[in-house]
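What follows is a set of notes on a single structure, which appears directly below.
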Amino acid sequence: MAILDTDFLSSFFKIGKLDLILRALNLEYVTVPSTVYEELKKAKFFDDIVSLFAFKEEELSHKKFILIKNVNLGVLADFTEEERITLGKGELGCFVLGKNKELILIDDSKARTVAEKKNLKVVSVSSFLLYCKKNNIISVDELKQIIDDLKVKDYYEFTDEIKKILLE
């Protein structure tokens, strides 16, 4: 199972590459906590993405491949009050679902740092793309296009150092 945070899902949706996540991780569907779904309801593109969501496993198909799972943020007893206040509800929801060592795709560096301290398995956008490149899931040309698309469509930029690593 792969769990997506709001920003990760949003970025790949905006560039039309959600299928890359499924392909790269050999999955039929991805999972998001209900807290991410609530955050996405506020997004300008929500009407465009809503058809991809399923609320029960029986509803999943090749056209509905994002499973919404209910989470209870009250079970975060091992998180400090500061962590619960500074992290978003979407991130916290991902952590609840990821407690069994499922892969969490999350790009916020603060959230990744907290997750790593809690021994949760997290991957950033740049790490995911590097994995795709190293495993020949995407070519360097495709990677260049993804980097350009993320910049134009999601205002997402990589540092020069990360770009160099990704494109070498």
Shape of the chain, Cα gyration tensor, a/c cut at 1.5: oblate
Rounded if a/c under 1.5, otherwise prolate or oblate - the stretch 77-149, Cα gyration tensor axes: prolate
The stretch 1-160 - accessible surface per residue (Å², probe 1.4 Å): 54
Computed [θ] at 222 nm, helices only, for the chain once each DSSP H run of length n ≥ 4 contributes -39500 (n - 2.57): -14000 deg cm²/dmol
Options L97, T159, T113, ranked by Cα towards positive dipole end of the stretch 41-168, top entry (Cβ charges): L97
With every protein chain in place, the chain: carbon and sulfur % of accessible area (1.4 Å): 48
Where GluC sites (Glu not before Pro) fall in DSSP loop in the stretch 1-57, at most 15 other Cβ within 10 Å: E28
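The values are calculated or read from the model by the stated rules, or taken from the named source; none is laboratory data. Given the structure is predicted, the values throughout are model-derived calculations rather than measurements. Every residue, glycine as well, gets a Cβ built from its backbone with ideal geometry; the counts of neighbours run over all protein chains shown. When the accessible area is computed, the model is the full protein with side chains, heavy atoms only, and any ligands, DNA or RNA have been set aside. Shrake-Rupley method; radii C 1.70, N 1.55, O 1.52, S 1.80 Å.
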